[in-house]
Structure formats: structure tokens, C-alpha cells
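**Student:** Provided herewith is a single structure, encoded as C-alpha cells, for subsequent inquiry.
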Amino acid sequence: MQQSTWFTPEGLEDLLPPQANKLEFYRRKLIDGFHLSGYDLVLPPIAEFTDSLLTGTGRHMAIDTCRFTDQESGRMMGVRADMTPQVARIVSNRLKAADSISRLCYVGEVLKTRNNKAKGSRSPLQVGAELFGHAGVESDIEVIELMLESLKSLELPQLQLSLGHVGIVDELMRQASLSETQSADLLDILKRKAVPEYNDWLQTANLNEQLKPAFKALINLAGEAQNVIDQAKNQFDGLGPVVDAALERLQTIVSHLNITQSVQIHLDLADIRGYHYHTGVIFGCYSGGRQLQLIAKGGRYDGIGADFGLSLPATGFSMDLRTALDLLAPVEDVIKGTVYAPAKADQALKEKIAELKAQGYQVVFVYEADTAPESGARLIEVNGEWTLQ
């Protein structure tokens, strides 16, 4: 039985003209910008064996990964739900760049088992850039600036930068000697920004006197970046070198960006987005004024590639270009015009068509002369030569 209308699964959609052309235009713009900044393009396969796809940094994507049995080998395969673990495999196992900095970018569709309307398409077009082999703050700054400059090139309105550092919460939990259950409860509360629950948790956590002020202040250390850093230096004074180093790194980033970028910087020290994945500074970029939409996100994830035989420091970011489409300006047609040509076996005609395409014209074949639209020019033969009419 043939259906009169065929539907795609929820969260999976077709992109029709002009949206597909718009996406392709901005995809090229992003990749060209990455390339001009020294990032080489890699294109991993859309599916691979799950024992590599869900290894290391990919473990957190297991529930979102569509799996199937490979009919060639009998082994389990998965369709990628995130491209970053694949890029880590490439740099660690294929490029084996142990003693140098590697800058890679990528673009491709990913597929998720679940549909989350709040987070956009179930099949995002993921575009990103990763820097491997450098652990210092300089690479954090480079990647954050690349993210900001890439989004500015898309002319997105009212960009805002959000910063965080998962190492601070991690160190506080370590010093408090929290149990596994207490840690899980705390991370869940912080993820949901549930302030009343957080205050209740503090009452039952049995923290030592030195740590109580720091934990009490943590949930409120959010706002304009420099103000938050100044407050945190007072509230976290004496908590040791790990916290001091995290705040110093954030200070370096904020001071640098205040000089080089005209963007509002928000800092939230209780932000634990990607806690089980990131190892240090985390960041995101929002657009849209009052109705902020997260466009790109990333952070540091040192130790990536360890399961592939080469542990590397790394930082990077990615975005879903498909979800951002509605915020992007319409694309102007770059063709000079449309020319209609007869479908004839004529070498001179083929050469003329090639010449017009090289000049930026769109050439469309018509099979019958009277079917050509009135708009646009026509190729006609006059005294053995093909000319525009």
C-alpha cells in the first residue's frame, strides 16, 4: 500500500531549498575560517565499531548511539552521536602526533537515539574544531577566540560568552571526602540549579568548618566574569593550589578576552555541564538577546585518546549548524543570472555553457524551446555561434 504522504521519524527532517542552500553556504564559511586559522579538515566515517566509538570520551554517548550488527564481520557497530571521540581516535591512533600540536576541524551529521526538542534536531550537523597536544591556557584562549570569531562571521546577533571550570567543584568534593552518593546528589542539584535543594543538601552534608563557607558561596558565584573571580578569590582563599590555579586560569582568559573581544562574559563556578567529560575550563556562546539560545559549546578534556594508546591534552568546541539556521541571515543568490539552453549534442554549445558557468551563470537545459520561462536569458544559435538573447 502506497502512502500519499511519507513522514520522517520525529526529530529527523528534510531540508528543502532554500534552507539546504543556506546551510551549505554557512558550512563552507565556517570550514574556510577554520582552515585559515590552521585547522585541517578530517572526515570520520558515519559509523564504526562500538568498541572504538564508545571508548574513552565516547562512553557518555552510549545511550544516544544507534547500534546495529555489521553484516560483514558480525561485530556491533554504531552510528556516531558525537564526532569528537572519532577525532580523538584519529589524532591518537592514526596521526600519532605525540610531540606536536595538532589542529583539526570536522563537519558531518550525527544521529541520536532520542529526540530532545529543547536541544534541536535529532540529527544535528555538527561542526567543530579541536586542538590537541597543549595543556596551557594559551590553547584555551585560542579555541575560545576561534569560536567567537567563527560565530561573528555568521553575523549572529548579540553574542554572549559563558565560562566555567569543572575543576573547582571537583576539588571541593575531593576535599570534602564526599561519598559516591553525596557526589551524585550534589552534581544533580548543581545541574538543575536547584537552590532550595542545594541549601538542604548543605545542612546534611556534614562538611568541615573550613569548607562550609566555600560550599555556601559556590551556588551564588555566577554573573559578570571579573566580579565573580574577585568574589571567588576571597571565598575560596586557602583552599589550595588546585583552586588557585583554576581561578588564575580563568583570570588570564577573562583579561585576554576583555582586550581582544567585544563580548559580554558571564562566569558560573557552579556550572558542571559535561562534568564527566571535561577536565577544566568549559565555555559556551549564546545568541539572541532576551531569548538566549546556546549556539556553540566546548571546553578542555585532557587525557583524551588514552584508550587509543596516546593520552593528549585537548580543548575544542562544536556547534549544531542545523539548529542555528533560523538565527542566520538569508543567503543572497550569488549567481549572475539564469540562462536557458537547448539540450543538443553540439560541441560549441557545450563550450559556451562551460564558459558561462565559469563566469557565475546558472545554465538550465530546456527540452522544448517554448517551455523556457520568460525570465532569464536564452542561448540561441546565430550564424553558427551560440549567443545570449
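**Student:** So for the chain, averaging the separation of alpha carbon pairs under 8 Å that are six or more residues apart and normalising by length, what relative contact order in percent results? Let's see the in-between values first.
**Tutor:** Details: 623 pairs, mean separation 72.1, N = 389.
That works out to 19 percent.
**Student:** Output the relative contact order of the stretch 151-234, whole-number percent, from Cα pairs under 8 angstrom with separation of 6+ residues. Write down the numbers at each step before the final one.
**Tutor:** Numbers: 26 pairs, mean separation 19.9, N = 84.
After rounding, I find 24 percent.
**Student:** Also, I was wondering about something else. Between 339, 294, 354, whose Cα lies farthest towards the positive end of the dipole of the stretch 289-377 when Lys and Arg beta carbons carry +1 and Asp and Glu beta carbons carry -1, centred on the Cα centre?
**Tutor:** Of the listed residues, the answer is 294.
**Student:** Further, regarding this structure: Near the amide H of residue 110, under 5 Å away, which other amide H atoms are found, from residues 5 or more places off or on another chain, if H is placed in the peptide plane?
**Tutor:** 126
**Student:** I'd like the distance separating the alpha-carbon centroids of the stretch 81-159 and the stretch 293-332, in whole Å.
**Tutor:** The stretch 81-159 and the stretch 293-332 have Cα centres spaced 3 Å from each other.
**Student:** List the residues whose amide H sits under 5 Å from the amide H of residue 65, counting only those 5 or more places along or on another chain, with H placed 1.01 Å from N in the peptide plane.
**Tutor:** 113
**Student:** Taking the Cα centre as origin and putting +1 on Lys and Arg beta-carbons and -1 on Asp and Glu beta-carbons, what dipole magnitude results for the stretch 89-172, to the nearest 20 debye?
**Tutor:** For the stretch 89-172, the charge dipole is close to 740 debye.
**Student:** How big is D, in µm² s⁻¹, for the stretch 175-317 by Stokes-Einstein at 10 °C and 1.306 mPa s if Rh is the Kirkwood radius over C-alpha pairs?
**Tutor:** Diffusion coefficient, whole number: 94 µm²/s.
**Student:** Now a separate question. For the stretch 83-237, state what percent of all Cα-Cα pairs lands in each successive 5 Å bin, counting from 0 Å until the bin that includes the largest distance.
**Tutor:** Taking all Cα pairs of the stretch 83-237, the binned fractions are 1, 6, 12, 13, 14, 15, 15, 13, 7, 2, 0 percent.
**Student:** Identify which of the listed values of Kirkwood radius over Cα pairs in Å was calculated from the structure shown: (i) 25.4; (ii) 24.2; (iii) 22.6.
**Tutor:** (ii)
**Student:** Additional query: Among the GluC sites (Glu not before Pro) within the stretch 191-288, which fall in a DSSP loop and have no more than 16 other Cβ atoms within 10 Å of their own Cβ? It would help to have the intermediate numbers written out before the result.
**Tutor:** On the way: sites: 197, 209, 224, 248; in loops: 209.
Within the stretch 191-288, the qualifying GluC sites (Glu not before Pro) (loop, at most 16 other Cβ atoms within 10 Å) are 209.
**Student:** With charges set only on the Cβ (+1 for Lys and Arg, -1 for Asp and Glu), what does the dipole of the chain come to about its Cα centre, in debye to the nearest 20?
**Tutor:** 360
**Student:** What residue among 187, 161, 36 has the largest mean-square fluctuation in a Gaussian network model of the chain, using Cα springs under 10 Å?
**Tutor:** Highest fluctuation among the options: 36.
**Student:** Moving on to the next point. Arrange the peptides 261-267, 64-70 so that the one whose residues have, on average, the most other Cβ atoms within 10 Å appears first.
**Tutor:** Highest-to-lowest ranking by the protection proxy: 261-267, 64-70.
**Student:** Looking at the stretch 274-389 from every direction and averaging, what is the projected area of its Cα convex hull in nm²?
**Tutor:** 14.4
**Student:** Could you give the length gained by full extension between residue 109 and residue 28, i.e. 0.36 nm per residue of separation minus their alpha carbon distance, to one decimal place?
**Tutor:** That works out to 27.7 nm of additional length.
Where a number appears in this text, it was derived from the coordinates with a stated rule and is not lab data. Nothing here was measured: the structure is a model prediction, and the numbers come from that model. Methodologically, a virtual Cβ is constructed for each residue, glycine included, from the backbone with ideal geometry; neighbour enumeration extends over all protein chains shown.
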